[in-house]
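Reading through the structure tokens given below for one structure.
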């Protein structure tokens, strides 16, 4: 091969794909195209092409071998371009005889072609050459990113699970050290009493010894000897008691230090765990609708977003500084949510926003309005206040002549819970808008609650008008919505309400953690468990509501100057928060990434006693249980602006 031809070939870009070329061969006499041959590109350079032809016809072979002055090409470019026309000369050629056909390779140089067309051909060749490599690079990069993301998610899941376990262990250690400190304290107190009794005995013996008045010398000596022996025994007993007391004091101090250290560690872990639980709420938020699915783990209600739960999670976003997320939920209900009979339905699909439970109840609607008022009060943005006021107007339209609101359009029953919600909404709207109509509606609703749901003889709230069933949330929400001071002023004893809840709804049961460990928990049932065919179960949400009620009672008695009662209620709030901490589980789903959450109740798929069952699955995380526990930990009352 001549050196010039070799150099010419080295200018080409080698292609890993081809595009077709039509070769027009000119008649030597007339100069007009005489025949057409189909060829394919092999390589491309800025100055020409390398073409391949299978079984070339004689006219092409003749033109190539005899040195035809030029050939005309129609080059069919990819991506739908029209054919590019060019005139070329043959720079070199090679004919090979293969097993079944002849193969012609020829290099051609442009003699007449538009500069832009030449550039397009060359650029297309570069793309054909490099795009597959770039594609492979990006595929590899994507695989690496997915691997890194998967590893990061795995690491995050492990860290979240470890945090929950550390928090749980710190709680166990704290309880152990507290029991030890309490035991040492009790023993220390007992020894102090015994030491005081010993001192009194010794003083009595010494007084008896000093006052001996026995005339018989022998009897006097005998009695003196006896008393001196008892004084010596008392002194010896004192030395033993003082030595034991010193030892107990040292052990008591050491146990107290261990307890304080464990308590400090738990406080640090508690804040981290609370934030971790909040991240679980955020991780289940759909970015398109803004809604958060209510339960993770129960396939029957997968992707359901209950309206009540959206109010809770909106407020959780709000108090955590994520106001845009809170606004997106409220925006969904304000602009997109389908309504039935004037109200929002009980549940929507978190992914698409379509209704999934067509029932319309008053309570969930009021709760969305409550979230809107909190948003306006917290952020100063009143974009959704009209929605809250429209809901309030709708609620008023459902009131009867006595001032009570029914459970929803088309129903005849009355719920204490819904009327407590309505009272809270009217009170909050009056505080934010100053409109006197809300003050009047608030007063009328309170009067109805007092006359139709409160039992003075039993000191408790009923589930509804004419419905004496016990529902724990009505007891907790009476405290949260109306407030201890107002309740007392209306003749509804807040302390009696709390005691009734403790006497009838408090249960101790066993909770099986996902790792198989069974722990004993104490909390509040949905109803009076003794009336149920099941054993007692702990509702995480309703126990958290009771924690909030305990905190409010502690504040109430603090204001009254009754510190003993205040401390008692504060201690109960702290205790039941600790019981809820025992029920924190790590999210099992990929989206949850092991973050902490709470189940709806201590047992799955059991009757609550109020017309619904707890969700299925021992690892089913609950938005309401998790959000309300966050509220309880942070001292946030969703039923009040105070």
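The values are calculated or read from the model by the stated rules, or taken from the named source; none is laboratory data. These figures come from a predicted structure and were not determined experimentally. Glycine gets a Cβ as well: all are built from the backbone with ideal geometry, and neighbour counts include every protein chain shown.
Couple of notes before you dig in:
- All of 594, 609 fail the test of being touching a strand residue (DSSP E or B) at 6+ places or on another chain (Cβ under 8 Å) and either buried (at least 19 other Cβ atoms within 10 Å of the Cβ) or at pLDDT 95 or above (or both), apart from 594.
- Filter result (buried (at least 17 other Cβ atoms within 10 Å of the Cβ) and part of a helix (DSSP H, G or I)) within region 479-489: 479, 480, 481, 482, 484, 487
- Cβ pairs under 7 Å, 6+ apart, first in region 324-338 and surrounded by fewer than 19 Cβ atoms within 10 Å (Cβ to Cβ), second part of a helix (DSSP H, G or I): 334/387
- Boolean, residue 100 is without any contact (Cβ under 8 Å) to a residue 60 or more places away in the chain and not in a loop (DSSP other than H, G, I, E, B): no
- Residue 313 being surrounded by fewer than 24 Cβ atoms within 10 Å (Cβ to Cβ) and assigned by TED's automatic domain parsing to the domain that holds residue 422: no
- Condition check for residue 56: surrounded by 17 or more Cβ atoms within 10 Å (Cβ to Cβ) and at pLDDT 70 or above: yes
- Scan of region 503-519 for residues that are farther than 14 Å from residue 603 by Cβ and surrounded by fewer than 14 Cβ atoms within 10 Å (Cβ to Cβ), ordered by number: 503, 515, 516, 517
- Tallying residues that are more than 22 Å from the chain's Cα centre (by Cα) and surrounded by 19 or more Cβ atoms within 10 Å (Cβ to Cβ) within region 339-354 yields 3.
- The listed residues are 239, 233, and the only one of them that is under 30 Å from residue 200 (Cα atoms) and surrounded by 13 or more Cβ atoms within 10 Å (Cβ to Cβ) turns out to be 233.
- Selection status of residue 556, assigned by TED's automatic domain parsing to the domain that holds residue 637, buried (at least 22 other Cβ atoms within 10 Å of the Cβ) and over 24 Å from the mean Cα position of the chain (by Cα): no
- In region 439-452 there is at least one residue matching the filter, namely being within 37 Å of the chain's Cα centre (by Cα) and within 29 Å of residue 537 (Cα to Cα).
- Lone unmet requirement of (1) in the same structural domain as residue 542 (by TED's automatic domain parsing); (2) surrounded by fewer than 22 Cβ atoms within 10 Å (Cβ to Cβ); (3) not in a helix (DSSP H, G or I) for residue 492: (2)
- When the residues of region 495-530 are filtered to those that are in contact with a helix residue (DSSP H, G or I) (Cβ under 8 Å, 6 or more places away or on another chain) and assigned to a strand (DSSP E or B), the one that is farthest from residue 599 (Cα to Cα) is 507.
- Boolean, residue 277 is touching a residue at least 24 places away in the same chain (Cβ under 8 Å) and touching a strand residue (DSSP E or B) at 6+ places or on another chain (Cβ under 6 Å): yes
- Top-ranked residue in region 466-486 [being more than 26 Å from residue 558 (Cα to Cα) and under 36 Å from the mean Cα position of the chain (by Cα); ranked as modelled with the highest pLDDT]: 471
- Counted residues, region 57-69 - those being farther than 30 Å from residue 115 by Cβ and assigned to a loop (DSSP other than H, G, I, E, B): 2
- Conditions (1) more than 20 Å from residue 509 (Cβ to Cβ); (2) free of Cβ contacts under 8 Å to residues at least 24 places away in the same chain; (3) outside any helix (DSSP H, G or I): number failed by residue 605: (1)
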